[in-house]
Every structure is written in structure tokens, then in C-alpha cells.
Amino acid sequence: MTPNAIAEHFDTTRQAVSKHLRILTECELVTQKQQGREIYYQLEIDKMKEIDKWLEQFRKIWETRFNQLDNLLATIKNKKNE
């Protein structure tokens with residue numbers, strides 16, 4: 001998609017989208033291809049999978065901690081209701 005096409009899907013300026021695209025390009029999460037006067041951006045799925053795999057180790061920790069927080073909040077709520 002072009003930056004204009006992407007910007008249409010968000011409540012932000014085209015300049016903000018371009019800035020994000022530049023950073024994503026530097027991180028190799030998107031690639032750009034020039035066609036005439038337009039630049040098209042494409043998501044690099046393999047890079048996203050790599051990030052997802054890396055995040056998985058933290059996801060388990062977060063889920064455990066959120067469950068512990070839920071239990072603590074339920075305990076506090078029950079004590080208030082007694």
C-alpha cells in the first residue's frame with residue numbers, strides 16, 4: 001500500500017504514517033518498492049513471525065502475572081464484601 005492508502009485507515013496525518021513507515025523500514029519489518037511516482041510498502045511476514053516468537057517467552061510471564069493480579073484483586077474485593 002502507499003502511505004496515503006495506509007493513512008486513510010488511521011486517524012493521523014500522512015506525515016505521521018510516513019515517519020512510522022521509515023522506522024519500520026529501518027527495522028526491516030516492511031519493504032518499499034518504487035512504482036512510477038508512488039512508493040508501495042509491504043509487510044515482511046517472516047520478520048513479524050520472528051518478533052512473535054521472541055515475544056512468546058514474555059507472553060507467558062505476562063499471562064502468569066495478570067492471573068496473579070486477578071487473584072489478588074478478587075481476594076481484596078472479597079475481603080471488602082465481608
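Computed from the coordinates by the stated procedures, all read-outs in this text should not be read as laboratory data. In this text, all values refer to a predicted model and were calculated from it rather than measured experimentally. Ideal geometry is used to build each Cβ from the backbone, glycine not excepted, and the neighbour counts take in all protein chains shown.
Any residue in region 56-63 that is surrounded by fewer than 10 Cβ atoms within 10 Å (Cβ to Cβ) and within 19 Å of Ile23 (Cβ to Cβ)? No, every residue in region 56-63 fails to be surrounded by fewer than 10 Cβ atoms within 10 Å (Cβ to Cβ) and within 19 Å of Ile23 (Cβ to Cβ).
Sub-6 Å Cβ pairs linking a first residue in region 12-41 that is without any contact (Cβ under 8 Å) to a residue 24 or more places away in the chain to a second residue that is among the aromatic types (Phe, Trp, Tyr), at least 6 apart or interchain, are Leu21/Tyr41; Val30/Tyr41; Gln32/Tyr41; Lys33/Tyr40, ordered by first then second residue. With respect to (1) surrounded by 10 or more Cβ atoms within 10 Å (Cβ to Cβ); (2) under 30 Å from Ile6 (Cα atoms), the lone exception for Phe66 is condition (2). Restricting attention to region 1-11, the residues that are touching a residue at least 24 places away in the same chain (Cβ under 8 Å) and over 16 Å from the mean Cα position of the chain (by Cα) add up to 3.
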